[in-house]
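Computed from the coordinates by the stated procedures, all read-outs in this text should not be read as laboratory data. Computed from a predicted structure; not experimentally measured. Because the Cβ atoms are built from the backbone with ideal geometry, glycine has one as well, and the counts that use them run over all protein chains shown.
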């Protein structure tokens with residue numbers, strides 16, 4: 001199971017970083033970043049198999065594929081920003097982590113604009129049909 005692989009890598013990374021923290025703190029940081037990137041790559045590989053499901057949903061419902069892509073990008077930004085902010089918190093960079101989260105929220109808002117426009121167009125069409 002992939003979860004055991006993820007947990008194992010996380011624990012190995014944590015132990016290695018803790019062992020190095022006292023003698024070589026710069027290496028502890030590098031080990032943590034490397035372990036985090038490995039975890040992220042494994043998670044992305046697991047998720048990539050699910051992309052076809054979203055394409056099927058788009059074709060079955062008639063939702064434009066650009067909207068599905070925007071939603072997936074928003075989810076990806078949210079996860080990546082949260083993941084990165086967690087690493088920054090681990091290294092005492094709370095202020096920078098908070099600013100990263102804020103910037104991520106702005107990016108999600110920008111990506112949401114076409115979805116909101118599509119929703120407004122749908123509401124206008126429905127109101128036009130009711131008249």
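Results, tabulated for the structure shown:
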item: Helix 94-130 axis, angle to the chain major axis (alpha carbon atoms, nearest 10°); result: 10 degrees
item: Prolate/oblate/rounded label for region 64-131 (Cα gyration tensor, a/c 1.5); result: prolate
item: Nearest 10 degrees, 0 to 90: helix 65-90 Cα axis against the chain principal axis; result: 20 degrees
item: Rg to Rh, two decimals, where region 1-48 supplies the alpha carbon set and Rh follows Kirkwood; result: 1.07
item: Förster radius 35 Å - calculated FRET efficiency between residue 56 and residue 124 (Cβ-Cβ, nearest 0.05); result: 0.80
item: Mean separation of Cα contacts under 8 Å (6+ apart) over length of region 11-87, as relative contact order %; result: 17 percent
item: Fraction in percent of alpha-carbon pairs per bin - 10 Å, the chain; result: 11, 28, 29, 18, 10, 4, 1, 0
item: Relative contact order for region 1-48, counting Cα pairs under 8 Å that sit 6 or more residues apart, in percent; result: 36 percent
